[in-house]
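The values are calculated or read from the model by the stated rules, or taken from the named source; none is laboratory data. Keep in mind the model is a prediction, meaning the values are calculated, not measured. Note that each Cβ is placed from the backbone with ideal geometry, even for glycine, and that neighbours are counted across all protein chains shown.
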Amino acid sequence: MDRCVVLVDAGYLLGAAASLLAGEPARSRITVDHTTLIQGLRERAEADTQRPLLRIYWFDGAPDRVPQPEHRRLRVMSRVTVRLGALTRSDGRWAQKGVDAAMHAELTELARNRACSDIVLVTGDGDLLPGLMAAKEHGVAVHLWAVQAADGDYNQSEDLVAEADERRVLDRTWITRAVRPKELTGPCAPPPAPRPEIAAILAAPLPETTSSSSRPDDAAENERPAAERNGSRPATAPAAARGVPTPKDLAGLGRGPANGNGNGNGGTNGSTPVVTPTATLRWSSDKGLVDRGGNGPAESPETAALPTLALLTSAEQRWADREEDITTVGGDPFEVGQVFARRWAERLTDPVHLQHLSTEYPRIPHRIDGELLRYAARFGLLAHKDDQIDERDRYAIRAGFWREIDTRTAAEHVPAGD
């Protein structure tokens, strides 16, 4: 049929673009406007082949084949189909598995079924040579596109170059319409906004561990079971191993007020020394900050009454949220926390809930915090973490959550020491 198809090896296209614009093939060094990139590929393919586009196939690797935010955006675009291989790490380097095989299979199947008259290949891998030759034997014209090499040399297999019917080079001018190095500013790569709340968390000193060792032996022994019930480490475990104090660290060191709201659980009669953390626990949930050993309820009635986002969301809103997640939300941890908090705050029917949550700062009630982290997991933040969100990502998610809540309540939460 008189149509063209584009097969894109995303690893080659974006890696070569990063080498050209940022000096190294790391895709983390560039920012990509995928809408502009796809439109550019479509227009260039139709102009070169003089055929209408049937489809663009985007082949890429992903951890455990879980779609990343960019894949989620791409696969809802018109005339775009995303095919994912595995992304694995070996000897400190990332490698795609299954992408070449998927491209080969698609290439030969399209040609065998005469689904198109022209196929555009954006790749440099010589492993596709058998598929390219098979497509030619079925009467399909094969166009091979290269990304301009940073050193002016070839960045494609010479065998592919020799066998292709037509060749084109996507030069720097074409590439920079949709791709920017992150150091540059512009519509594709706005300068990163400063986030002092995250910097304060990561730079905050640990609580002094000597305070816990100065308490009487019997007091320390009485507190140990309660800490274990909270899932924390024993009191003797050094908090410095984590780098930044967490609720579990504080549970092991002794409890003191985490902020001026009195959320901590200090000594009951003043005889037991308390450790007042020097860092604001902006990332914390209620775990480890409330004694569940019998000295009080796990949470107040007001906290228990706070509704989850799921309870506040209708079926229509859930559909709209999903569309926004796919097409608009980029997946940055800080942004994810803000989006979740915005939806929660906007759908509250009782503004008292918002004010009460603000007084819980820096704790996020456990039910809401769990829902927040499950929402964040949709954006691929669990990848490579053994099903655990990276520690710094958790800080950023919860910092974004509190930033949005602060904006809506006009509350000022300044990290200790500022």
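Brief remarks follow.
- Lone unmet requirement of (1) at pLDDT 90 or above; (2) out of contact with any Lys or Arg (no Cβ under 6 Å at 6 or more places or on another chain) for T328: (1)
- Criterion (within 26 Å of A135 (Cα to Cα), without any contact (Cβ under 8 Å) to a residue 12 or more places away in the chain and of a type outside the set (K, R)) met by exactly one of S90, S78, S117: S78
- Some residue of segment 157-164 being at pLDDT 90 or above and under 18 Å from L21 (Cα atoms): no
- Taken over segment 97-134, the criterion of being within 23 Å of L41 (Cα to Cα) and of a type in the set (S, T, N, Q) is satisfied by T108, S117, T123.
- Residues satisfying the stated conditions in segment 22-63, i.e. crowded, with 21+ Cβ neighbours inside 10 Å and in a helix (DSSP H, G or I): L37, I38, L41, A45, T49
- Some residue of segment 18-27 being at pLDDT below 95 and either under 20 Å from H143 (Cβ atoms) or touching a Cys at 6+ places or on another chain (Cβ under 6 Å) (or both): no
- Scanning segment 372-407 for residues that are surrounded by fewer than 18 Cβ atoms within 10 Å (Cβ to Cβ) and modelled with pLDDT of 75 or more turns up R374, A377, R392, D406, T407.
- Filter result (assigned to a helix (DSSP H, G or I), aliphatic (A, V, I, L, M), surrounded by 15 or more Cβ atoms within 10 Å (Cβ to Cβ) and touching a strand residue (DSSP E or B) at 6+ places or on another chain (Cβ under 7 Å)) within segment 129-166: L132, A135, L160
- The one condition in (1) part of a strand (DSSP E or B); (2) within 23 Å of the chain's Cα centre (by Cα); (3) at pLDDT 90 or above that L87 fails to fulfil: (3)
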